[in-house]
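Quick notes on the structure that follows.
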Amino acid sequence: MFILELSYTATLDRIDVELADHIAWVRSHIESGTFLVAGRKVPREGGFILAVGDDRAEIEALVATDPFLLAGLAEYRVSEFIATTTAPALDGFRQQLPA
């Protein structure tokens, strides 16, 4: 599982110009099942996405297609973790530690 941390590198005026495209990008990956949760940071300086996947390179390649990143308005930090403990609603995403 991955935590994708998005940090704006541009003003909110410039972010707002690309916001609809970014939201459409996020929603498409929510619908595909790759993203589980997404939302803004408070204060509004970026956002977080919880993503599922087995291959860090694939997730990083996916992140590279974000309209915010393509427009040079943000940067990402990708953190991988093993979800060994989950709420009941997320039991299907529980992972085992490697042997």
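Readers should treat all values here as calculations from the given coordinates under stated rules, not as data from a laboratory. Here the structure is a predicted model, which means the values were calculated and not measured. When we count neighbours, we look across all protein chains shown, and the Cβ atoms used for this are built from the backbone with ideal geometry, even at glycine.
Would you calculate, for the chain, the mean residue ellipticity at 222 nm contributed by helices, counting each DSSP H stretch of 4 or more residues as -39,500 (n - 2.57) and dividing by all residues, to the nearest 500?
Numbers: 3 runs with 33 residues, N = 99.
The per-residue figure over the chain is -10000 deg cm²/dmol.
Of the options THR86, MET1, ILE49, report the single residue whose Cα projects farthest towards the positive end of the charge dipole of the chain (beta-carbon charges: Lys, Arg +1; Asp, Glu -1).
The Cα lying farthest towards the positive end belongs to THR86.
State, to one decimal in nm, how far the label point of LEU19 lies from the label point of ALA57, with both points 7 Å from Cα in the Cβ direction.
About 3.7 nm, to one decimal.
Placing unit charges on C-beta atoms (Lys and Arg positive, Asp and Glu negative, everything else neutral), compute the dipole magnitude of the chain about its Cα centre in debye, rounded to 20.
Dipole size: approximately 280 debye.
From the Cα trace of the stretch 51-99, what convex hull volume per residue do you get, rounded to a whole Å³? Present the calculation step by step, with values, prior to reporting the outcome.
Details: hull volume 4.9 nm³, N = 49.
Cα convex hull per residue, to the nearest whole number: 100 Å³.
Using the alpha-carbon centroid of each, what span in Å lies between the stretch 1-48 and the stretch 53-89?
The stretch 1-48 and the stretch 53-89 have Cα centres separated by 11 Å.
Which angle between 0 and 90 degrees, to the nearest 10, do you get for helix 12-32 versus the longest principal axis of the chain when only C-alpha atoms count?
30 degrees
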